[in-house]
Amino acid sequence: INIYYQDKHKNPDILNYTDKNAVISELKVNAFKNETITLEKVVSIYTSKEDDNEYPLSTAKREVMEAASFDELLKESEKEWKKIWDKIDVKINGDRIAQKLLRLHLYHLIVSMSPHNSTIDASATARGLHGEAYRGHIFWDELFIQPFYNLYLPETAKSMLMYRYRRLDKAREYAKEHGFEGAMFPWQSGSDGREETQIVHLNPLSGEWGDDYSSLQRHVSLAIAYNIWHYYNTTSDIKFLNEYGAEMFLEIARFWASKAEFQASSGRFSIAKVMGPDEFHEKYPDTDHGGIKDNAYTNIMASWVFTKSFEILKVISKKAKENVLAKIDLTEQELEFWKQISDKLNIIVSDKGIISQYDGYFDLLELDWEAYRKKYGNIYRMDRILKAEGKSADDYKVAKQADTLMTFYNLPEKQVSDILTGMSYKLPKDYLKRNLEYYLQRTSHGSTLSRVVHAQLANMIGDLDLSWDLYVDALTSDFNDIQGGTTGEGIHPGVMAGTIMIAINTFAGVDFRNDVLSINPGLPEHWESIDFSISFKQVRYEFKINKKQIRVKTTNKSKKPVSINVKNQKVSLEPGKILKHNY
Ligand code: IFM
């Protein structure tokens, strides 16, 4: 630490010490009226976890001693930030607040994870590097965060997946411990990959502790599989898929196959003892064990995993295929079994085309939403309110966050429909709209992730006002600390990344989930234009989209033209040339 009185450098008296919850540097300075005191602090951080660093403390100390001056370091840092901003910036015309908040979100994502710390064995924590909530654990929030890194900073995206790969053996052990095969990743993951989820939970409203079954959110493994595929689809990093991704993906598929049980009564396979993303439903009413059966989100995504496994086996190299099949001892019979289950998983659909969140959901009680709103005002955490009243959210049709609807956030609508029709379910044409309306009325948005998902879906069904209202809530959630105190415990990177992705894939309408990029903009009414660049399959795309025109320019090392879909028309793009499409 350096200290300057009116530009004159003095060595300050510093007392460094650690307290129970903090590392503290105390400085004593003589301050005079009207005199400016400038404090400069240079910090070096090393972790003992890195293999090549046995002496992190002395390395950090040496680095600080040898560091360049503060001004030089600042210049270097500015240069690095500029490189990053040139890649990631999203420019909005017509909405200064959205512009500022999107940049705020981009900034906080980058200070949490960037190529500058991609060599560290860690992934995206639920609260960035900003606070103590969730003890730095890693959840399924990666599903919302990694797509941003896939498009902009693939080396960081890969490091997130490698964090999981290094814990694949632990996930295998975890599956085995519970009587399953393959890999079952923990709901909350830390350093060594064991399950870190708490088993009791404090309700601050009642002051009482209760059972916590949230580790049954086995869908975290589906999120990892989803991220493996989309990392590959976005970056074309086949080496990763050959060496690590395929193995992890297939072990996850194997886990789900071992969890599915044939039910003679329905003639279908059921998956029991799980929780969906909606954390309010942990168990069936009047039971003393956790878990519900046939969560639609889980079963649809599990079916997706089985089907994608075959595609992965097709795209990886012949050698990689031989290696992985031999390494994990995956037989033709097992693969045949996956084919069978993939379109025979049990999902409950009402005559009106509402997909039941899980088996038994339709039997739950309806909540008197108006009465609760009147009584409590803020009802985000309906679970806590109900528990404090001696009731349980398990008994009611009340969701914390999108659950069934998450499938439409993850997959293009057609893919969800194909999975459902493949399973022989017949749904009305407007089933997405019906499901959105049904579940939105029964969701309290107790997780900020919920608004991101619903904003995208409302846009998909053409309810632009609703989509915008939900988006604004998500965009301002940390800035305004809408959950009353949670931001102080750390930012919510899942929501932050989600708001950026919605600007790109929903409002600008650039969909990168298929083999070919497609563009179908639906800008919010007051957004005049949006400009941004992304990398997709080794091609850089620069977009400038306004209410009337889409402009795209590509840069492509291979110099070959690429095909994209612009407003459902296939177009070929020559590298370096600007495509202008009026709409
Ligand atoms: O992963 C989320 C979950 O979906 C809702 N509760 C908080 C977790 C960590 O962000």
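General remarks:
- Residues of segment 31-70 satisfying the condition of being surrounded by 13 or more Cβ atoms within 10 Å (Cβ to Cβ), without any contact (Cβ under 8 Å) to a residue 24 or more places away in the chain and touching an Asp or Glu at 6+ places or on another chain (Cβ under 9 Å): Ser44, Tyr46, Pro56
- Those residues of segment 364-402 which are buried (at least 18 other Cβ atoms within 10 Å of the Cβ) and aromatic (Phe, Trp, Tyr), in sequence order: Tyr380, Tyr396
- Scope segment 84-143; condition within 19 Å of the chain's Cα centre (by Cα), aromatic (Phe, Trp, Tyr) and more than 16 Å from the ligand (Cβ to nearest atom); matching residues: Tyr107
- Applying a threshold of 8 Å to beta carbon distances and a minimum spacing of six or more residues, or different chains, the list of pairs starting in segment 98-127 at a residue that is closer than 24 Å to Trp187 by Cβ and ending at one that is part of a loop (DSSP other than H, G, I, E, B) and more than 16 Å from the ligand (Cβ to nearest atom) reads Ile120/Thr47; Ile120/Lys49; Ile120/Glu50; Asp121/Lys49; Asp121/Glu50; Asp121/Arg166.
- Restricting the search to helices (runs of 4 or more DSSP H) fully inside segment 428-510 and requiring at least 2 residues that are free of Cβ contacts under 8 Å to residues at least 60 places away in the same chain and closer than 29 Å to Ala393 by Cα gives 431-440, 449-460, 464-475.
- Considering Asn514, Asn480, Asn459, the condition of being within 30 Å of His581 (Cβ to Cβ) and surrounded by fewer than 17 Cβ atoms within 10 Å (Cβ to Cβ) is satisfied by Asn514 alone.
- His201 meets the conditions (1) under 20 Å from Ile292 (Cβ atoms); (2) at pLDDT 95 or above in every case but one. The failed one is (2).
A quick yes/no check of all residues on (1) touching a strand residue (DSSP E or B) at 6+ places or on another chain (Cβ under 8 Å); (2) modelled with pLDDT of 95 or more; (3) under 19 Å from Gln188 (Cα atoms):
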residue: Thr47; (1), (2), (3): no, no, no
residue: Glu76; (1), (2), (3): no, yes, no
residue: Lys87; (1), (2), (3): yes, yes, no
residue: Ala133; (1), (2), (3): no, no, yes
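- Sole residue being polar (S, T, N, Q) and part of a loop (DSSP other than H, G, I, E, B), chosen from Ser221, Ser265, Ser215, Ser258: Ser265
- Qualifying strands (runs of 3 or more DSSP E) (wholly inside segment 532-583; at least 2 residues being among the β-branched types (Val, Ile, Thr)): 539-546, 549-556, 562-566
- The residues on offer are Asp288, Asp294, and the sole one that is on the phi > 0 side of the Ramachandran plot and either part of a loop (DSSP other than H, G, I, E, B) or over 29 Å from the mean Cα position of the chain (by Cα) (or both) is Asp294.
- Hits in segment 268-285 - residues which are within 16 Å of the ligand (Cβ to nearest atom) and either assigned to a loop (DSSP other than H, G, I, E, B) or without any contact (Cβ under 8 Å) to a residue 12 or more places away in the chain (or both): Met275, Gly276, Pro277, Asp278, Glu279, Phe280, His281, Glu282
- Only residues that are under 30 Å from Ile545 (Cα atoms), touching a strand residue (DSSP E or B) at 6+ places or on another chain (Cβ under 6 Å) and not small (Gly, Ala, Ser) were counted in segment 89-131, giving 5.
The values are calculated or read from the model by the stated rules, or taken from the named source; none is laboratory data. Remember, predicted model here, so these are calculated numbers, not experimental data. Ideal geometry is used to build each Cβ from the backbone, glycine not excepted, and the neighbour counts take in all protein chains shown.
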